[in-house]
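**Student:** To start, I am sharing the structure in question, which I have written as structure tokens.
The values are calculated or read from the model by the stated rules, or taken from the named source; none is laboratory data. Computed from a prediction, not measured in an experiment: that's the story for all the values here. Every residue, glycine among them, receives a Cβ derived from its backbone with ideal geometry; neighbour counts consider all protein chains shown. Remember, those area values only see protein heavy atoms, side chains included, never the ligands or the DNA or RNA. Shrake-Rupley method; radii C 1.70, N 1.55, O 1.52, S 1.80 Å.
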Amino acid sequence: MNLILLGAPGAGKGTQAARLQDERGLVQLSTGDMLRAAVAAGTETGRQAKVLMDQGGLVPDAVVVGIISDRIDQPDCKRGCILDGFPRNEAQALALDAMLVKKGQKLDLVIEVKVDEQILFDRIRNRAAESAQATGSVRADDNEETLRNRLGVYHAQTAPLLPYYRAQGKLRTIDGMQTVDDVARLIGLLLDAVK
Ligand code: AMP
């Protein structure tokens with residue numbers, strides 16, 4: 001079972017993907033987490049990605065497509081994966097389709113987690129405050145200006161994937177403004193409905 005969680009930054013995709021990983025044995029593949037790991041490790045990819053990430057822009061397609069393709073080949077992804085933050089534009093979606101065909105796999109479901117964007121600003125303020133309290137540091141892209149940029153990128157580049165997946169009959173939309181438990185329950189129902 002391969003699944004995409006699609007939604008604006010801050011919609012809760014990462015939280016839900018981590019839950020699905022724990023509860024269903026699917027592997028969470030977050031390009032954002034992988035890129036942050038590359039930044040932390042100080043690799044060349046990480047160095048180049050950091051500037052773009054801090055501004056809320058997209059890292060080049062070839063970089064994220066390569067990272068995902070390599071990761072899907074790992075044995076733990078045999079049961080399936082949850083793509084969290086990938087694809088983010090049409091070129092990445094086309095690359096994903098082609099890569100899955102080549103690997104003899106398929107995409108089963110795309111779940112759009114829909115949220116009220118004004119609430120996203122509230123969430124990002126809370127997340128920054130919680131992170132500052134827990135770790136003494138805040139993700140460099142956790143601020144309102146970056147969120148505004150990231151939402152702009154989402155609307156311009158990622159939201160056009162919704163009709164793309166709708167046309168494939170794979171898109172389902174859920175209300176991401178409910179509690180984490182309720183959103184998880186809805187996602188679970190959608191997964192159970194896939195044969
Ligand atoms: P995320 O944790 O998914 O919100 O991603 C954080 C940042 O990493 C994004 O704002 C982008 O700069 C970069 N990023 C993550 N995934 C992708 C992707 N699929 N394509 C391009 N850039 C990405």
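**Student:** Between ASP122 and HIS155, what is the spin-label point distance in nm, taking each point 7 Å from the Cα along the Cα→C-beta axis?
**Tutor:** 2.0 nm
**Student:** Can I ask one more? Solvent-accessible area per residue for the chain at a 1.4 Å probe radius, Å²?
**Tutor:** Using a 1.4 Å probe on heavy atoms only, each residue of the chain averages 50 Å².
**Student:** Still on this structure, I have one more. Hey, what did the chain get for relative contact order, percent, Cα under 8 Å, at least 6 apart?
**Tutor:** That works out to 32 percent.
**Student:** Can you sort MET53, MET1 by 1.4 Å-probe accessible area, starting with the largest?
**Tutor:** Order by accessible area, largest first: MET1, MET53.
**Student:** Top to bottom by accessible area (1.4 Å), largest first, where do ASP97, ASP175 land?
**Tutor:** Result of the area sort, largest leading: ASP175, ASP97.
**Student:** Any idea how far the Cα center of the stretch 80-120 sits from the one of the stretch 163-183, in Å?
**Tutor:** 12 Å
**Student:** Points 7 angstrom from Cα along the Cβ direction at ASP61 and ALA37: gap in nanometres?
**Tutor:** Here the modelled spin labels are 2.5 nm apart.
**Student:** Just the number, please: carbon plus sulfur as a percent of the accessible area of the chain, 1.4 Å probe, no ligands or DNA/RNA counted.
**Tutor:** Roughly 53 percent of what the probe reaches on the chain is carbon or sulfur.
**Student:** What's the Kirkwood radius of the stretch 98-161 in Å, using all Cα pairs?
**Tutor:** When all Cα pairs of the stretch 98-161 are included, the Kirkwood radius is 14.4 Å.
**Student:** Tell me, what is the FRET efficiency for GLU44 and VAL180 to the nearest 0.05, using R0 = 41 angstrom and their Cβ-Cβ distance as r?
**Tutor:** 0.65
**Student:** Express in Å², to the nearest 10, the accessible area of ARG71 obtained by rolling a 1.4 Å probe over the protein heavy atoms while all chains stay in place.
**Tutor:** Rounded to the nearest 10, that gives 60 Å².
**Student:** Here's something else I'd like to know. Expressed in nm to one decimal, what extension gain is obtained for the pair ASP76 and ARG139 from 0.36 nm per residue of sequence separation less their Cα-Cα distance?
**Tutor:** The span from ASP76 to ARG139 would gain 19.9 nm if fully extended.
**Student:** While we're here: State the extension gain, in nm to one decimal, for the chain segment bounded by THR15 and LEU94, taking 0.36 nm per residue of separation less the distance between their alpha-carbons.
**Tutor:** Full extension from THR15 to LEU94 adds 25.8 nm.
**Student:** Given LYS13/LYS106; LYS50/LYS170; LYS13/LYS50; LYS78/LYS114; LYS103/LYS170; LYS50/LYS114, which pairs have Cα atoms separated by over 24 Å?
**Tutor:** LYS50/LYS170; LYS78/LYS114; LYS50/LYS114
**Student:** Starting from the Cα coordinates of the chain, work out the convex hull volume and express it per residue in Å³.
**Tutor:** Cα-based convex hull of the chain, divided per residue, equals 122 Å³.
**Student:** How large is log10 I(q)/I(0) at q = 0.16, 0.19 Å⁻¹ when the Debye formula is applied to the Cα atoms of the stretch 1-70, each weighted equally and without solvent?
**Tutor:** Each listed q maps to, in turn, -0.62, -0.85.
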